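Trainee: Here's a structure for you.
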Amino acid sequence: ESVQAEQYRNRALDYIGAHKGRVPVVLAARLGRLTGLFAVGQTVRLDSFEQNRGPEWITWLALIQWYVLAFLAVVGLVFLRRAKTIIYPLLGLVAIGLLAGVLSSGETRYRVTAEVPVVLAAAVAVVALFDRWRAAGSRGSAAGRISGAGPDARDATPGGSSAPPDRDSGVTPYR
């Protein structure tokens, strides 16, 4: 086995030496595979086969999920940035995950480090968009204006007055 491994190693090193100029193209293709933007059908087939994900349609579903999460993550990062929230830790984890995948083989399983901040940023987008939708609905509805129900209705006490915020809790209000 060690003789055969050495032969494979030598062949690989010879191939790499003869194709040094293709390194940027290979790295770009790996990044494209990691993000689901290059050779999508082939990547799905490879992921389905290599990672034993079961039927290929499950891998397609996972890819669609990734697209939705990635889009929402960008929206969430915009919301966070506009709120003057530091986003560099999230971007750093994404960069580490993508760099690890690009330097290894470009398989989607190597982006796992990037997926955690992507999901977090996507959740921020979902909550922010829901809050905007809810606030727009409470401003525009006649029932909301008549009953006094609005964004602060959840804070109202049965007597109609709003309870003061707990200043000693150390909790920052959501809005």
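Trainee: So if I take the centroid of the Cα atoms in region 81-103 and the same for region 48-77, what is the distance between those two points in Å?
Mentor: Here the two parts' Cα centres lie 19 Å apart.
Trainee: Can you list which of the trypsin sites (Lys or Arg not before Pro) found in region 56-107 are DSSP loop residues with at most 12 other C-beta atoms within 10 Å?
Mentor: Sites meeting the loop and neighbour criteria: Lys84.
Trainee: A further question on this structure: Quick one: ranking Phe38, Phe49, Phe79 by accessible area, 1.4 Å probe, largest first, what do you get?
Mentor: Phe49, Phe38, Phe79
Trainee: Subtracting the Cα-Cα distance from 0.36 nm times the residue separation, let me have the gained length for Leu61 to Lys84 in nm, one decimal.
Mentor: Here the answer is 4.9 nm.
Trainee: Here is a further query. Keeping all protein chains in place and using 1.4 angstrom, which order do Ile16, Ile58 fall into by accessible surface area, from largest down?
Mentor: Largest to smallest exposure gives the sequence Ile16, Ile58.
Trainee: Right, next: Could you give the length gained by full extension between Asp14 and Leu46, i.e. 0.36 nm per residue of separation minus their alpha carbon distance, to one decimal place?
Mentor: Between Asp14 and Leu46, full extension yields 8.9 nm more.
Trainee: Note down the accessible area of Ile86, probe 1.4 Å, to the nearest 10 Å².
Mentor: 120 Å²
Trainee: Moving to a separate point now. Order Asp14, Asp47, Asp131, most accessible first, counting only protein heavy atoms with a 1.4 angstrom probe.
Mentor: Reading off the accessible areas and sorting them downward yields Asp14, Asp131, Asp47.
Trainee: May I ask you to evaluate 6.51 cos²θ - 1.76 cosθ + 1.60, the Karplus curve with θ = phi - 60°, for each residue of region 20-25 and list the ³J(HN,Hα) values in order in whole Hz, giving x for glycine and proline?
Mentor: For region 20-25, the Karplus curve yields 4, x, 8, 4, x, 5 Hz.
Trainee: In nm, what is the difference between 0.36 nm times the number of residues separating Ile96 and Val75 and their Cα-Cα distance?
Mentor: Result for the pair: 5.5 nm of gain on full extension.
The values are calculated or read from the model by the stated rules, or taken from the named source; none is laboratory data. Predicted, not measured: the structure shown is a model, and the values here were computed from it. Reconstructed Cβ throughout: ideal geometry from the backbone, glycine too, with neighbour counts over all protein chains shown. Side chains are part of the model used for accessible areas, which takes the heavy atoms of the whole protein and leaves out ligands, DNA and RNA. Shrake-Rupley method; radii C 1.70, N 1.55, O 1.52, S 1.80 Å.
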